[in-house]
1. Do any strands (runs of 3 or more DSSP E) lying entirely in region 388-478 carry at least 1 residues that are closer than 23 Å to Lys563 by Cβ, and which ones are they?
2. Output the residues belonging to region 196-208 that are modelled with pLDDT of 90 or more and surrounded by 22 or more Cβ atoms within 10 Å (Cβ to Cβ).
3. Among the candidates Ser182, Ser224, single out the residue that is of a type outside the set (A, V, I, L, M) and outside any loop (DSSP other than H, G, I, E, B).
4. Run Val135 past the list (1) surrounded by 19 or more Cβ atoms within 10 Å (Cβ to Cβ); (2) closer than 14 Å to Leu440 by Cβ and report the number of the one that doesn't hold.
5. Which of the residues spanning region 240-258 are in a helix (DSSP H, G or I) and without any contact (Cβ under 8 Å) to a residue 40 or more places away in the chain?
6. Among the residues of region 394-419, count how many are farther than 23 Å from Gly493 by Cβ, of a type in the set (A, V, I, L, M) and surrounded by fewer than 20 Cβ atoms within 10 Å (Cβ to Cβ).
7. Does Thr481 satisfy being more than 23 Å from the chain's Cα centre (by Cα) and either over 16 Å from Ile398 (Cα atoms) or polar (S, T, N, Q) (or both)?
8. Looking at region 327-344, can you tell me whether even one residue there is within 20 Å of Ser417 (Cβ to Cβ) and either touching a Gly at 6+ places or on another chain (Cβ under 6 Å) or among the charged types (D, E, K, R) (or both)?
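The values are calculated or read from the model by the stated rules, or taken from the named source; none is laboratory data. Just so it is clear, the model here is predicted, and its values are computed rather than measured. With ideal geometry, Cβ positions are generated from the backbone for all residues, glycine too; neighbour counts draw on all protein chains shown.
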Amino acid sequence: MRLPVLAFATCIAAPLAAFAADQSAPPTATVGVTDTIQGVTVADPYRWLENADDPKVKAWSDAQNARARSYLDALPTRAGIKSKLTQLITQTSSAFYALDPRPGVVFAMFNDPPKQQPMLVVLNENADPDSRRVVLDPNVLDVKGGYAIDWFVPSPDGSKIAVSLSQGGSEDGTLHVYDVVSGKEIEAPIPRVQYPTAGGSAAWTRDGTGFWYTRFPGDERPESERHFHQQAYFHKLGDDWKKDVVVLGAKQGLPRVAEIVLDNRAAADTVLASVQKGDGGEWEHWLLKRGAEPVRFARFEDRVVAASIGGDNAIYAISRQSAPMGKVLKLSLDKPSLKNAKVIVAESNVAIVTNEAAKSLALTKDRLFVHDIIGGPSQVRVFDHDGNAKGVLPVPEIAGVDDIEPLASGDVLYAVSTYLRPRYYVRWRASTGKADETKLAVTSPVTFDDAEVVREFATSKDGTKIPVNIIRKKGIKLDGTNPALLYGYGGYGVNQEPYFAGPRTRLLLDGGGVYAIANIRGGAEYGEKWHLEGNLLKKQNVFDDFYAAAQHLIARGYTRSDKLALMGGSNGGLLMGATVTQHPDLARAVISSVGIYDMLRVELDPNGEFNVTEFGSVKNKEQFKALYAYSPYHRIKPDTNYPAMLLMTGANDGRVNPMQSRKFTGAIQAATKSNQPILLRTSANSGHGIGSALSEKIDQQADMLGFLFDQLGMRWTDPAPPPTR
């Protein structure tokens, strides 16, 4: 069912400054807590807000949430924006992603608005969307969207499928095994196979009688240790999972913060186990065979950051050893040795993508596909198995590529997105060397014929040129009067490639706004160096880059400070906190989601140690000095005119402890002397954002856009209704 098109009256939003003055924030007590770290006395007056089980903390959080809800619901534009978002999102066509081919079929995730959660489907060998058949629909388990699929792995013949399911956005996954034809569950569920940050994975045997999988500890370790020490196990179908044997783990010296990825799609009973040392850390790589001891072919210090097994009995690996932009090695699967590895694709002036989820390498029977990032936009180069160049897959100039999937025929499917066009799949045909768009394409009711994307470059404090992607209406006047939203992330080597955020972007443009995304350091848009110049002792570069991007928008006449809003989440929430505390007069409004703000205690959070490779540790004197210098919670100054802020968190967040948002909110509410609201919105039924129900996502977007429209004085006009699909 599609929601009817609704008409809204045009209105001009005036900031509700009087609300903040009349409705003071709930009082927040302080405590006289101090720590001495590396010889420095550090005050922590809001330490008491860390304990989520304390009734006083719950009462405080509930009061904050009630205040935020009262403010947001009173915004004159929110109801219209929510209705419009609901209309646009539910009229957007179904979307397929996470394709995984098997003989004669293609498995995929299928997002079908207005259903609350994506479902798992199977398509025919041509990946025809009309052939889809539902394998598992989590909406049947909970119509409100409480269950989500974390990941899935089909057996080699496609007859069975292993699926991790979690609840309430927690990402705390339990493994279920289903018969694909009947949809019946055929094994007892296995708990603790997936958890935020480290994730989880599985890989089947050739005959489908068992699988390797990841699992976290249970009662054998203290509760504080159960989100660490991930190990790989083997499970034979029909056996009691409690008796499954560890095949890779503590015995092999895996670190406490190991993050394991299992893959055997090309090698049947040889499993590639790639192990990362914490988020953003180095990788080591192992080969697992049933009944044999694991074989390690690359250590952390070898700088091999990704690997894939080809059908030609070879391992293809991306190395950064003396090659910060990445090079491709080829080595024998039978006797893997980096000493005997051959460089088949030398380092170039473009960076090879090394984000595991982005699929850096794809292999067919005679071709190697290498995924590159070029400062933000991406491309895919084609080689034969000896590294001879065979061209580049066709992609628009400013576009992002992902989900590169080889097919048994030798063809390749890959997904393309741009800022102005929703995701669509292209099929490159080995027989002709040509590529054609497939039916696997998202259609959106919003169009952008009146818009354009330009890439400009800001100059950071140290002279580094920072790409800024600007989505604007054609013919825009650069007179400094346009409302503008600037987004940033800058961490963990995560790239900000072009993506389609149609409804949000359309509403911003129709409100007279400009939407900009900055490719700041900390990501890997220009390779490993770009990441390393934005982590550990150099994290301040990230904040300087973002500030430079904002100043660029102002200097170029796109906007001015009282018309500028900033937005980021997770590591980007840290970016928001640092920017606000270092430059409180930069912007009118800030939206910060699931952010990190107390950098001195983040490593003590349930999964905090995973972040030490990116941020550093207070146990190291130089790293403590850097952390303390920018930690947003500790840089809040009393009697400062801070901008309006909407802070958002989820009660079930296993990646960033919600206490981070509570402490920062209490501190900055007490410090600000402006009349601007500082709101804390806590969702009881979501976590870090992954696995959230569609209704929660729409509510979040409505709150964010309503807040922006109000603070920036943006006009709200419902444009002509889009056609129904």
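1. Qualifying strands (runs of 3 or more DSSP E): 451-459, 465-473.
2. Gly200, Ser201, Ala202, Ala203, Trp204
3. On inspection, the qualifying residue turns out to be Ser224.
4. (2)
5. Across region 240-258, the qualifying residues are Lys242, Lys243, Ala250, Lys251.
6. 2
7. Taking the combined requirement at face value, the residue satisfies it.
8. Let us first name the residues in region 327-344 that are within 20 Å of Ser417 (Cβ to Cβ), namely none.
Within region 327-344, none of the residues are within 20 Å of Ser417 (Cβ to Cβ) and either touching a Gly at 6+ places or on another chain (Cβ under 6 Å) or among the charged types (D, E, K, R) (or both).
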